[in-house]
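S.K.: Okay, here's the structure, questions in a sec.
Only the coordinates and a few stated rules stand behind these numbers; no lab work does. Keep in mind that what you see is a predicted model, and the values were worked out from it rather than measured. We place every Cβ from the backbone using ideal geometry, glycine too, and count neighbours over all the protein chains shown.
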Amino acid sequence: MAGNSGKAEEKEQAKQEAEIRVEHVTMQFRRAKDEASSLKEFLVRAVRRQHKYEKFKALDDVSFTVEKGEVAGLIGTNGSGKSTMLKIISGALIPTSGRVTVDRSKVQLLTLGTGFDPELTGRENVYLNGALIGYTKEFLDQKYRDIVNFAELEGFMEEKVRNFSSGMVSRLGFAIATAQDVPEILILDEVLSVGDMFFRQKSEARIREMIHGGSTVLIVSHSTAVIRNNCTKAVWIEKGRLRAVGDPREVCGAYEKLKDV
């Protein structure tokens, strides 16, 4: 009896230490079964109510945890449900079934270029994008010079963003997204693939600083090298189903074998 009591206490303690707990999450969407080949065909079908839909599972009974202070990497081929999982964790989507337990007030989700307006200048987009992330104007005033210097865009900030190269936009987005103090839970959505080799090295160094600052981190990346170099755990989701959770070297190795087939 004492042994069973001890195990129950250990399970309860582990549950309390999990910063992100994903339990049997399924996300089902409805999509057109036979897409119309033209606008005319679409309108005719709509009038005649001939549209046919099918249900598909973007996520199918997925469970994993990210413990306090852990750095977990989420991998999978395109369309495997990684972005859907991020939206559920951040609260943008509610799963069809299952649940995610996380204190969303602690979560900082870093994505690149969300909310950029190409007709505004680089300076104006710093304030627009920063406001969407949740920064105050006072914070952005204080951090503006640091953002410009880190993005290596001195002399370009009065130009409209539509004149920026994709690399310049990515660098600016990264500099804005990582300007804040270290959050308790940090989710990185493909933010370590920006710019040239030298900027990637600089961006990885900044992320490592944030990781070592004590955050619990979930990294989404197509790069197994990023997962191996930065993570203590890897979570592999493939075609909506959980394939493996564990040591990054082992999980990434299995993932690479699938891609080579």
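S.K.: Only sites in a loop by DSSP and with at most 13 other Cβ atoms within 10 Å count here; which GluC sites (Glu not before Pro) in segment 140-228 make the cut?
M.R.: 154, 158
S.K.: Treat the count of other C-beta atoms within 10 Å as a stand-in for reagent exposure and order 176, 94, 227, 211 from fewest to most.
M.R.: Starting with the residue having the fewest Cβ neighbours, the order is 94, 211, 227, 176.
S.K.: Exceeding 26 Å between C-alpha atoms, which entries from my cross-link table qualify? They are 137/160; 57/87; 55/257; 68/259; 68/143; 87/257.
M.R.: Beyond 26 Å: 55/257; 68/259; 68/143; 87/257.
S.K.: Let me ask something additional. Normalising by the residue count of segment 123-179, find the relative contact order in percent from Cα pairs under 8 Å and 6+ residues apart.
M.R.: This gives 44 percent for segment 123-179.
S.K.: Moving on to the next point. Taking the simple approach of a point 7 Å from Cα along Cα-to-Cβ for both residue 228 and residue 139, what is their distance in nm?
M.R.: 3.6 nm
S.K.: So, one more: Taking 0.36 nm per residue of sequence separation and subtracting the Cα-Cα distance, how much length would be gained by fully extending the chain between residue 204 and residue 104, in nm to one decimal?
M.R.: 33.5 nm
S.K.: Measure out, as a whole number of angstrom, how far apart the alpha-carbon centroids of segment 118-153 and segment 155-189 sit.
M.R.: About 8 Å separates the Cα centre of segment 118-153 from the one of segment 155-189.
S.K.: Based only on Cα atoms, what Rg/Rh ratio does segment 140-252 have, Rh being taken as Kirkwood's radius?
M.R.: 1.02
S.K.: Using θ = phi - 60° and the Karplus relation 6.51 cos²θ - 1.76 cosθ + 1.60, list the HN-Hα couplings for segment 222-235 in order, rounded to whole Hz, with x at every Gly or Pro.
M.R.: Per residue, the Karplus-derived 3J(HN,Hα) values read 7, 8, 5, 5, 4, 5, 5, 6, 10, 10, 9, 8, 10, 10 Hz.
S.K.: Next up: Starting from 0 in steps of 10 Å, tell me what percent of the Cα-Cα pairs of segment 123-179 lands in each bin.
M.R.: 25, 62, 13
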